[in-house]
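Visitor: Following this message is one structure expressed as structure tokens.
The values are calculated or read from the model by the stated rules, or taken from the named source; none is laboratory data. The structure presented is a predicted model; accordingly, all values stated were derived computationally and were not measured. When we count neighbours, we look across all protein chains shown, and the Cβ atoms used for this are built from the backbone with ideal geometry, even at glycine. Heavy atoms of the whole protein, side chains included, go into the accessibility calculation; ligands, DNA and RNA do not. Shrake-Rupley method; radii C 1.70, N 1.55, O 1.52, S 1.80 Å.
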Amino acid sequence: MDLSRIENDLISEIKLDPIQAKTYLLVTCFGKMSPAKIAEKLNISVEDAKKASRDLITLGAFIDITDTEFEAMHPRFTAVNMYRRMCERENIPFGRNKIVDTIGVILEKSYDDARTK
């Protein structure tokens, strides 16, 4: 799986910033994580990890399962959900986007694998 291509698609199609895209992919592909673990894996500050995770909650991609852990929702749902919210923010008519649909399909196996260890 080419995560860099998916990361670029998240940035170009859904308008995530690079840290949000990396955080989304990390938690989606490897399971729930604390901001400290996200920061360690991405080599960013804990504050940047918290901000990106909170932003992803607002964008409909993450849920906070405890005060110290974030979890991704299913990628087929979240990719389209984030795209819909981006369309609303940007005043773009919402419609089917094959690139966004593909993001969810590609990430689905990694998401499921990370949660059935």
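Visitor: Scan region 45-67 residue by residue and report those that are open to solvent by 40 Å² or more (accessible area, probe 1.4 Å) and not in a helix (DSSP H, G or I).
Guide: Hits for region 45-67 are Ser45, Ile63, Asp64, Ile65, Thr66, Asp67.
Visitor: Return the only residue of Arg76, Arg85 being open to solvent by 70 Å² or more (accessible area, probe 1.4 Å), of a type in the set (D, E, K, R) and touching an Asp or Glu at 6+ places or on another chain (Cβ under 8 Å).
Guide: Among Arg76, Arg85, only Arg76 is open to solvent by 70 Å² or more (accessible area, probe 1.4 Å), of a type in the set (D, E, K, R) and touching an Asp or Glu at 6+ places or on another chain (Cβ under 8 Å).
Visitor: Condition check: under 12 Å from the mean Cα position of the chain (by Cα) and hydrophobic (A, V, I, L, M, F, W, C). Does Ile106 satisfy that?
Guide: In short, no.
Visitor: Let me ask something additional. May I ask you to list pairs of residues, at least six apart or on different chains, whose Cβ atoms are under 7 Å apart, with the first in region 73-102 being closer than 29 Å to Met33 by Cα and the second being open to solvent by 70 Å² or more (accessible area, probe 1.4 Å) and charged (D, E, K, R)?
Guide: Listed pairs, sorted by first residue: Met86/Lys15.
Visitor: Here is a follow-up. Take region 17-59 and flag every residue that is of a type in the set (A, V, I, L, M, F, W, C) and within 16 Å of Thr102 (Cβ to Cβ).
Guide: Ala21, Leu25, Cys29
Visitor: Another one. Where residues in region 94-107 are over 15 Å from Glu7 (Cα atoms) and touching a helix residue (DSSP H, G or I) at 6+ places or on another chain (Cβ under 7 Å), which of them is surrounded by the fewest Cβ atoms within 10 Å (Cβ to Cβ)?
Guide: Looking at the filtered set, the residue picked out is Phe94.
Visitor: If you don't mind, another one. Listed residues Ile92, Ile99; which is within 21 Å of Asp9 (Cα to Cα) and part of a loop (DSSP other than H, G, I, E, B)?
Guide: Ile92
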